[in-house]
Structure formats: structure tokens, C-alpha cells
Amino acid sequence: MTTDLVHALPKSPGVWVQAWTRLKHDRVAMVSLSITAFFIALVLLAQLGLVAKGWQKEVGTPFAPPHFVGKIEDGSQSAVIDSIAGANVDISDVDPLAPRYQEWAERAAKFKTTTTEKSDTLPFGGDQLGRDVLSKVIKGAQVSITVGLAAALMATLIGTVLGAIGGYFGGRIGDFLEWVYNVFTAIPYILLVFALAAVLKSGPLAGTLGSGVWTVVIILSLVGWTGIYRLVRAEYMKHRSREYVRAAEAIGASHASRMFTHILPNISHVVLVQLSLHVVGFIKAEVILSYLGLGVPIDMVSWGTMLSEAQTELVLGKWWQLVAATTFMAAFVTAFALLTDALRDALDPKLR
């Protein structure tokens, strides 16, 4: 009878169910969630080869403008064809086959024009080789978002676990983790990045990590966990002696249960804020590393490599690659930051 009565009592919703309920009533959060989900779906489709598969193909003329700008009549295309055909120079006295060269050049130019017809305009324009900027920015989203999210998740996981262990147990374990933290923070950030890049990209471990993208992920995660470790450790030191943790201990909850089932949901808003900051920061770091040649391989494209190319193109007045890369980056970073802010408010126990 008592057991039936206990089962008949209504169950209070969990922390995550309550957070999702509050999140659904936030319009900004839902719009940000939709935009973030769109970019994640775009990354998955690009990974599967369903979109932006031919981003390396030269489908347009060099620096083809966007459709809304229209074809630019500057005579550059005819100049290219003239350079292929060659100048009409009479050297028959030196080479008896010289009269045939012009005919062969004209046939080659005609064949090249008919078999590799290129568009004068592209949806988002073309780069200096005639590659579609829209395909490049989608493929670049795959690399940059993968680097930003994967590195941020890995750094957040490392910092949260180590901070939870150090703050909850303290003692010699906490002192050892503090020593490791001090070693990492004593080395200047940029020098540590360069040292890890030298070891992972050209040292004895080169080639064992697969794609260069994951090398960048490991580099950023190994240098980015210290900030979240410090905050999580302080929160665990504050929460480990509170009443609800003592009550969990009294009913026989294990250390792991108290650390990650009881305390972690109450400090998750701190973790989410750090995750958001790390995603934004790591996408920017990927841009810097790619610009310095320590990022993604040269046969890949990312938002960082696109911005690096756009610097020289902007001098020539070709602005569309810069606008495309910055627009996509700003949209994702802003949506992700607003979403994590909304999640922080939904999970913050002081705002419930």
C-alpha cells in the first residue's frame, strides 16, 4: 500500500526539463537555436559530401562578381585568351613550323573555350582562381565550426573534470592539479601554441593524428582548459559543503554522483558561459593559426584561410569573399553566443 502511494505521488520535473521549458518561452533563444541548428546541419551535409563538394572547381572567371553586381566589362577575359593564343609574330625564317603555330593556338583556344566554359558571375562571386565563394564559405564553415566546437567541448570537458576533482576532494589531489594548472599558465599562450604545433605537426607525432583539423583541435584544447578549470574548482569548493550535498551524502550517494549529478547542474551556467566564450575564441584562434601556416592544411579551406586570401583581394577591389566569410562567421558566432546566454539563464538556480 505504501509503495503504491509513493508511485502515485506526482514527480517533480528534473533540472534539464525545467530548463528546456523556460528556454522554449524565450523567442531570442529559439531563433538562435534555429540558426545554430542550421549551421550544424550545413556542417554535417558538407562532411557527407552532399553540399560544397566541388568547392575546388574553377566554375567561373577569375574574380567573377556576384549575381547582384553583374558582369564587369573590363576586357580581362579577352586578354587572357590573347595570352593563351600568343602574339602574331613572324618567325618563319627561324622555324619552318612557325606558320602553323597560330592555327594550332587558335584551335586550342577554341577547344578550351568550348569545353571549359566558365560563368561571368556567381551567386556570391568567385575568387582569384574562379572558385565559387558560396561553396568555399560552406566548406569553410565545416572546418571552422568543427574546430571551434570540438576544441571548445574538449577543453571544457578537461577543465570541468579536473576542476571538479580538485575542488571537491582538495588535499594532495587538489595541490597536484594546482601545480599542473600553474605550469600551463606560466608559459605564454602563443609560445605554448607554437610549441604544441611544432610537436604535433612536424615532430615525432606528425601524421599519427590523421587530418590536420584534429591537430588544431588538440592544440587549442590543450591550451584552453585552464580558465574553466579555475572557475569550476572555485564553484566546487563553494558547493561541496552545502546542505543538498550533505543530504545526498546522508542517503548514500557516491562521490561521482555528488560531483556530477548534484553539484554540476547547479554550476552548469558557469560551464556554458565558458563554452560559449571558448567556441568564439577558438574560431578566431583557428583564423590566426591558418594565417600563420599552423592551422588547417593548404589543401583545405576554412574561414581563416578565406580571410587571409581576402586581404590581397580587397586591395584589388574584390570584396565579396571577405563579406561572405565575415557574414557567415558573425551569424554563427552571434547565434551561438545568444543561445548559450539563454541556456545559462535557464539553468541558473538564482533565476529559477
Any hit, region 307-324, residues being under 18 Å from Thr146 (Cα atoms) and surrounded by 23 or more Cβ atoms within 10 Å (Cβ to Cβ): no
Residue satisfying condition, being at pLDDT below 60, of a type outside the set (Ser, Thr, Tyr) and not in a loop (DSSP other than H, G, I, E, B), within set Val17, Val94, Val80: Val80
Some residue of region 293-303 being of a type in the set (A, V, I, L, M), farther than 16 Å from Trp55 by Cβ and modelled with pLDDT under 85: yes
Asn266, sole failed condition from (1) of a type outside the set (Ser, Thr, Tyr); (2) without any contact (Cβ under 8 Å) to a residue 24 or more places away in the chain; (3) under 26 Å from Leu23 (Cα atoms): (2)
Every residue from region 215-247 that is outside any loop (DSSP other than H, G, I, E, B), surrounded by 14 or more Cβ atoms within 10 Å (Cβ to Cβ) and more than 27 Å from the chain's Cα centre (by Cα): Arg233, Ala234, Glu235, Tyr236, Met237, His239, Val245
Residue check, Ala337 surrounded by fewer than 24 Cβ atoms within 10 Å (Cβ to Cβ), in contact with a Ser or Thr (Cβ under 6 Å, 6 or more places away or on another chain) and not polar (S, T, N, Q): yes
Near pairs, Cβ below 9 angstrom, 6+ apart or cross-chain, from region 161-185 (on the phi < 0 side of the Ramachandran plot) to any residue that is of a type in the set (Phe, Trp, Tyr) and surrounded by fewer than 13 Cβ atoms within 10 Å (Cβ to Cβ): Gly166/Phe176
Verdict on Ser302 being among the hydroxyl-bearing types (Ser, Thr, Tyr), closer than 23 Å to Leu347 by Cβ and crowded, with 20+ Cβ neighbours inside 10 Å: no
Residue in region 248-264 that is closer than 21 Å to Thr160 by Cα, within 33 Å of the chain's Cα centre (by Cα) and crowded, with 20+ Cβ neighbours inside 10 Å present: yes
Residue match in region 140-149 (condition: in the same structural domain as His239 (by TED's automatic domain parsing), touching a Leu at 6+ places or on another chain (Cβ under 9 Å) and not in a helix (DSSP H, G or I)): no
Residue match in region 299-306 (condition: assigned to a helix (DSSP H, G or I), in the same structural domain as Asp132 (by TED's automatic domain parsing), more than 23 Å from Asp132 (Cα to Cα) and touching a helix residue (DSSP H, G or I) at 6+ places or on another chain (Cβ under 7 Å)): no
Which numbered condition Ser34 misses (of (1) modelled with pLDDT under 85; (2) in a helix (DSSP H, G or I); (3) among the small types (Gly, Ala, Ser); (4) under 30 Å from Pro265 (Cα atoms)): (1)
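The values are calculated or read from the model by the stated rules, or taken from the named source; none is laboratory data. It should be emphasised that the depicted structure is a prediction, and the values quoted were computed from it without experimental measurement. No Cβ is skipped: glycine too gets one built from the backbone with ideal geometry, and neighbour counts run over all protein chains shown.
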